[in-house]
Amino acid sequence: IEPIQLEEHLADTVTLMSSKASLKGVLVELSVEADLPPVEASVSDLNQVWMHLVDNAIDAVTDSGHIAIDARRDQGNVVVRVIDDGPGIPQESQERVFEPFFTTKHVGEGRGLGLDVVRTVVQSHRGAVHLTSVPGRTEFRVNLPAYLVGG
């Protein structure tokens, strides 16, 4: 665990997922606030978080869909939002999406472990992950404490 700048790692995730996104004609946009403070984290663990969230968003949107990844400071936190314009997650499923082996995907398309990994990793970094979803807009919001030098 070390202080890391998220911009580089989020950009790497977008690059790694670009071929899957382009196969569906999905536009993935990354916006990172200038001078975003670092977070204290395990790079490999957090990269799993970004990969799962972006991969799920690509799966969720229709062809020619749109995904926005946004990183900003919010008081003493760094907030990363992954927002897609897919059909949304049904209300009755929203409370269960972080449960192991629960999936809204068709049989054979997902094991239902990705969002459990996301929640576990984020919580192990003293953060939280929240979901809001309506048709046309699903947002996963990851809050992580900003790393303060000397604090």
Just to be sure, is Leu36 open to solvent by 50 Å² or more (accessible area, probe 1.4 Å), hydrophobic (A, V, I, L, M, F, W, C) and over 21 Å from Ile89 (Cα atoms)? no
Regarding Leu53, is this residue within 13 Å of the chain's Cα centre (by Cα) and hydrophobic (A, V, I, L, M, F, W, C)? yes
Some residue of the stretch 99-115 being of a type in the set (Gly, Ala, Ser) and either crowded, with 18+ Cβ neighbours inside 10 Å or at pLDDT 90 or above (or both): yes
Count of the stretch 58-69 residues which are within 18 Å of His130 (Cα to Cα) and either part of a loop (DSSP other than H, G, I, E, B) or modelled with pLDDT of 95 or more (or both): 3
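Scan Val80, Val43, Val129 and give me the residue that is modelled with pLDDT of 95 or more, open to solvent by 20 Å² or more (accessible area, probe 1.4 Å) and closer than 22 Å to Glu2 by Cβ.
Answer to the selection: Val129.
The values are calculated or read from the model by the stated rules, or taken from the named source; none is laboratory data. All of these numbers come straight from a predicted model, not from anything done at the bench. Don't worry about glycine lacking a Cβ; one is built from the backbone with ideal geometry, like all the others, and counts go over all protein chains shown. Heads up: the accessible areas ignore ligands, DNA and RNA and are worked out on the full protein's heavy atoms, side chains in. Shrake-Rupley method; radii C 1.70, N 1.55, O 1.52, S 1.80 Å.
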